[in-house]
1. Say we look at the range 119-145 and pick out the residues that are outside any strand (DSSP E or B) and touching a residue at least 40 places away in the same chain (Cβ under 8 Å); which of these is surrounded by the most Cβ atoms within 10 Å (Cβ to Cβ)?
2. Search the range 1-24 for residues that are touching a residue at least 12 places away in the same chain (Cβ under 8 Å) and at positive phi and pair each with any residue that is in a helix (DSSP H, G or I) and surrounded by 14 or more Cβ atoms within 10 Å (Cβ to Cβ) when their beta-carbon atoms are under 9 Å apart and the residues are at least 6 apart or on different chains.
3. Quickly run through the range 57-91 and pick out the residues that are within 17 Å of the chain's Cα centre (by Cα), over 22 Å from residue 6 (Cα atoms) and either touching a residue at least 60 places away in the same chain (Cβ under 8 Å) or in a strand (DSSP E or B) (or both).
4. Does the range 72-92 contain any residue that is loosely packed, with under 12 Cβ neighbours inside 10 Å and more than 25 Å from residue 18 (Cα to Cα)?
5. Pick from the range 92-126 the residues that are modelled with pLDDT of 95 or more and over 30 Å from residue 59 (Cβ atoms): which of them is nearest to the chain's Cα centre (by Cα)?
6. Which of the residues that make up the range 32-56 are modelled with pLDDT of 80 or more, touching a strand residue (DSSP E or B) at 6+ places or on another chain (Cβ under 7 Å) and not in a strand (DSSP E or B)?
7. Which residues, taken from the range 99-108, are surrounded by 15 or more Cβ atoms within 10 Å (Cβ to Cβ) and not in a helix (DSSP H, G or I)?
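The values are calculated or read from the model by the stated rules, or taken from the named source; none is laboratory data. Keep in mind the model is a prediction, meaning the values are calculated, not measured. Methodologically, a virtual Cβ is constructed for each residue, glycine included, from the backbone with ideal geometry; neighbour enumeration extends over all protein chains shown.
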């Protein structure tokens, strides 16, 4: 049995692999710090979900937050441009498949945030892209979309 959040995370991971910046280094729900020598990577999370019953038969409207973090080391010129290039790639992937292969009734871009940590030996930069995914399930079957 796989919860709809798990299925959506796995779908998004597969969907965004292949960019020039991260290639196949996209993982679901992994802690962020990069190990020494590790390359720029992306991580897919579902940090929040809200749901509401939409009828008396147990149908639910689930609004699932999908967060994609891209973590890179270095402060050299052009790093922000690299991150923006990845954001463009992700936004185009979601625009081309807004129903996530039938898992969602809709996806909506919410935000992009940037952060940097300069406490280590190299600057760690993080870009977070957030989408809201709408999916309909039964409250008795949270793994299957309606």
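1. Let us first name the residues in the range 119-145 that are outside any strand (DSSP E or B), namely 119-123, 139-140.
Within this subset, residues satisfying the condition of being touching a residue at least 40 places away in the same chain (Cβ under 8 Å) are 122-123, 139-140.
Details: 122: 13, 123: 15, 139: 12, 140: 9.
Among those residues, the one meeting the criterion is 123.
2. none
3. Residues of the range 57-91 that are within 17 Å of the chain's Cα centre (by Cα), as a first pass: 62-72, 83-91.
Right, trim to over 22 Å from residue 6 (Cα atoms) and you get 72, 83-89.
72, 83, 85, 86, 89 - these are the residues of the range 57-91 that are within 17 Å of the chain's Cα centre (by Cα), over 22 Å from residue 6 (Cα atoms) and either touching a residue at least 60 places away in the same chain (Cβ under 8 Å) or in a strand (DSSP E or B) (or both).
4. Scanning the range 72-92 turns up no residue that is loosely packed, with under 12 Cβ neighbours inside 10 Å and more than 25 Å from residue 18 (Cα to Cα).
5. From the range 92-126, those modelled with pLDDT of 95 or more are 92-113; that's our starting set.
With the extra rule that they be over 30 Å from residue 59 (Cβ atoms), the set shrinks to 92, 112-113.
Numbers: 92: 14, 112: 11, 113: 13 Å.
Among them, the one singled out is 112.
6. Step one: filter the range 32-56 for residues modelled with pLDDT of 80 or more, giving 39-56.
Subset that is touching a strand residue (DSSP E or B) at 6+ places or on another chain (Cβ under 7 Å): 40-54.
Matches in the range 32-56: 40, 54.
7. Applying the first criterion (surrounded by 15 or more Cβ atoms within 10 Å (Cβ to Cβ)) to the range 99-108 yields 100, 103-105, 107.
Of everything in the range 99-108, those that are surrounded by 15 or more Cβ atoms within 10 Å (Cβ to Cβ) and not in a helix (DSSP H, G or I) turn out to be 103, 104, 105, 107.
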